[in-house]
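Below you'll find the structure, written out as structure tokens, and then a few comments.
The values are calculated or read from the model by the stated rules, or taken from the named source; none is laboratory data. Being a predicted model, the structure only gives us computed values, none of them experimental. Neighbour counts are summed over all protein chains in view; Cβ atoms, including those assigned to glycine, are modelled from backbone coordinates with ideal geometry. The area values use the complete protein model at the heavy-atom level, side chains included, leaving out ligands, DNA and RNA. Shrake-Rupley method; radii C 1.70, N 1.55, O 1.52, S 1.80 Å.
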Amino acid sequence: MASVDYVNRALLLLGGETIVALNSTDSPNSASATILYQPTVDELLAEYPWRFATTHQQLTKLGAVPPDSIYKYQYELPANTLRVVNVSIDTGNWQFYKETSTGLRRLYSDETVVWADVIIRPATDSYPAHFERALVSRLAKVLAMPVTRRTDFYSLFSAISDKEVSTAKAQDWNEQPWPELDDGNMISASRYAS
């Protein structure tokens, strides 16, 4: 399903007029959806380690670290990373840095190999049905005020969204088996990327 289809389902729940495309300013609904769609999706994806959006990856080691670094190596996070759920290394000694000039996030460590569980931004056509329902309800919540200008609609769709998201998390947890992870003699440390 395309991004505009999720928005239109939310708009229909609110009794609003549907839109033809995102990134259009031909209607107030389109303008609101353009501003709110991607941050809403990213927030929902990042708030829970959805199985369809979480991957276990060996991070790519980059060139030399900056001279003022206390670590020996720097690693690149995948470009579509929304959140790092877990980092697996032998010593547990690592740190995130965000480069101010480029905005790129890097992980620094003394380890020669670093694995991480990361939440990525997957293609919209890979969303399972339970996530789609949660997303539509969350979009209805964030669009309720701009579309209807009614606080009672916002309150109603906040409650609906909370229930749908909770149900989706439970379904996600129960539906698919977790992939096998090599836990060897690794120590796991959980932190959020900022």
Completion exercise
Over the range 119-180, with neighbouring protein chains present, the accessible area per residue in Å² at probe 1.4 Å is 55
Exercise for the section: Under 21 Å Cα to Cα from K169, which lysines show up? Leave out anything in the same chain fewer than 8 places away. Expected result: K141
Completion exercise
Rounded to a whole %, the carbon-and-sulfur portion of the accessible area of the chain at a 1.4 Å probe is 53
Completion exercise
With -39,500 (n - 2.57) per DSSP H segment of 4 or more residues and division by the full residue count of the chain, the 222 nm estimate, nearest 500 deg cm²/dmol, is -13500 deg cm²/dmol
Fill in the blank from the handout: Extension length gain for S101 and N23 (0.36 nm per residue less Cα distance), in nm, is 25.4 nm
Practice task
Could you tell me which label, among (i) 136; (ii) 109; (iii) 124, carries the value of volume of the Cα convex hull per residue in Å³ calculated for this structure?
Solution key: (i)
Problem - Per-pair calculated FRET efficiency, R0 = 30 Å: D125 and K61 via Cβ, rounded to 0.05 - result: 0.40
Fill in the blank from the handout: The answer for the chain, counting only DSSP H helices whose Cα atoms cover 24 angstrom or more along the axis and whose Kyte-Doolittle average is 0.5 or greater, is 129-148
Problem - Sorted peptide list for 77-86, 8-17, criterion being average Cβ within 10 angstrom, highest first - result: 8-17, 77-86
